[in-house]
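For reference, the structure is listed below as structure tokens.
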Amino acid sequence: MERDSQLKLYGALADQLKEAHTRVRLLQVPEGVRMALSRKLLVVTAAAKHDLADASRRLDRLMKDLDEGRFPEGD
């Protein structure tokens, strides 16, 4: 039963990550900023393999930053 709930959490996080990737791809920002955001999404994806709760928190922070127009510096 616990495995089923874990799978649901993974599924929910995967859906959120998919939405986040779409939002980043559609942003009208310099390519360096887009790459920095993509790297942040990759970090969240990697974190999800080890700690779903941490990955979810990281993604929530990133999405809040996007909502508020706070973007990382581009290279």
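The values are calculated or read from the model by the stated rules, or taken from the named source; none is laboratory data. Not measured: the values here are computed from a predicted model. Cβ coordinates were reconstructed from backbone atoms using ideal geometry, including for glycine residues, and neighbour counts include every protein chain displayed. Side chains included, ligands, DNA and RNA excluded: accessible areas come from the protein's heavy atoms. Shrake-Rupley method; radii C 1.70, N 1.55, O 1.52, S 1.80 Å.
Quarter the surface of the alpha carbon convex hull of the range 33-75 and you get the mean projected area, 2.7 square nanometres.
Computed over protein heavy atoms with a 1.4 Å probe, the accessible surface of the chain works out to 73 Å² per residue. Semi-axes of the equivalent ellipsoid of the chain are 25, 11, 10 Å, computed as sqrt(5λ) over the eigenvalues of the C-alpha gyration tensor in descending order.
Between the exposed loop cleavage positions of the chain, defined as trypsin sites (Lys or Arg not before Pro) in a non-H, G, I, E, B DSSP state with at most 10 neighbouring beta-carbon atoms within 10 angstrom, the longest gap is 1-48. A straight chain from Lys64 to Ala46 at 0.36 nm per residue would run longer than the Cα-Cα distance by 4.5 nm.
Kindly list the residues of the range 37-75 that lie in the label zone of His21, defined by a backbone N under 16 Å from the point 7 Å along the Cα-to-C-beta vector. Those under the cut-off are 37-49, 59.
When the solvent-accessible area of the chain is split by element, carbon and sulfur atoms take up 54 percent of it, the probe being 1.4 Å. Among the GluC sites (Glu not before Pro) within the chain, those in coil by DSSP and having at most 12 neighbouring Cβ atoms inside 10 Å are Glu68, Glu73. With axes computed from alpha carbons, what is the tilt in degrees of helix 52-67 against the longest principal axis of the chain, rounded to the nearest 10 within 0 to 90? So the helix axis and the longest Cα principal axis differ by about 30 degrees.
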